[in-house]
Ligand SMILES: [Zn+2]
């Protein structure tokens, strides 16, 4: 049975993993101080903690199809409550909105007719329409994989804009102690690109070491 795989994993966690990290879990049992709110698609191929090599307690996760953040107060619900709690109560210093390649939701945005029988999914995808409207021209080839990537990137940018409509986010931005990041994860290549508002496009994420090296080179 497929669930047996999951149960075997749980057994290995209890037997091998938990005892090794007992002290971490003892601390986490009483409190959390996550370093970021990570909003990403529910797609099973994304493992935020594996991707960022973070431990339990470091990422406050919001998993939602299409990594969509409805504008406030148009759709009060789980996403807006998660944002309010992470940003307003836990005081995370960073929010990352992470889209990904081969996203079924983005394909659905390009072909809404196919999703018509799914009332909830169709309604939810309305929040991604601004990305489509911004990009689709009369001669656009909707089946072009490059266009799907462009839509995925634009959707992340639109969701970042929507984030700023949430009062808890807006207040922290005014205080200057919250940073917003837009990422796209390329599943097949293991690469993450990030939105540069200065360049108005997605660029490869530079690690802290790469940034320091560049700074050292410019000093010498
Ligand atoms: Zn997806």
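Annotations for the structure displayed:
- Filter pass, residue 45 being surrounded by 11 or more Cβ atoms within 10 Å (Cβ to Cβ) and under 27 Å from residue 168 (Cβ atoms): no
- Condition check for residue 57: on the phi > 0 side of the Ramachandran plot and surrounded by fewer than 18 Cβ atoms within 10 Å (Cβ to Cβ): yes
- Helices (runs of 4 or more DSSP H) within the stretch 144-220 that include 2 or more residues modelled with pLDDT under 95: 208-219
- Evaluated against (1) assigned to a helix (DSSP H, G or I); (2) in contact with a helix residue (DSSP H, G or I) (Cβ under 9 Å, 6 or more places away or on another chain), residue 49 falls short on exactly one condition, (2).
- Filtered residue count, the stretch 78-109, keeping only those that are surrounded by fewer than 16 Cβ atoms within 10 Å (Cβ to Cβ) and on the phi < 0 side of the Ramachandran plot: 9
- Looking only at residues of the stretch 31-45 that are free of Cβ contacts under 8 Å to residues at least 40 places away in the same chain and over 11 Å from the mean Cα position of the chain (by Cα), we find that the one that is nearest to the ligand (Cβ to nearest atom) is 44.
- Scanning the stretch 74-126 for residues that are part of a helix (DSSP H, G or I), within 16 Å of the ligand (Cβ to nearest atom) and farther than 20 Å from residue 136 by Cα returns 79, 120, 121.
- Taking (1) free of Cβ contacts under 8 Å to residues at least 12 places away in the same chain; (2) in contact with a helix residue (DSSP H, G or I) (Cβ under 9 Å, 6 or more places away or on another chain) in turn, residue 178 satisfies each apart from (1).
The values are calculated or read from the model by the stated rules, or taken from the named source; none is laboratory data. Everything quoted here is computed from the prediction, not taken from an experiment. FYI the Cβ positions are ideal-geometry reconstructions off the backbone, even for glycines, and counts take in every protein chain you see.
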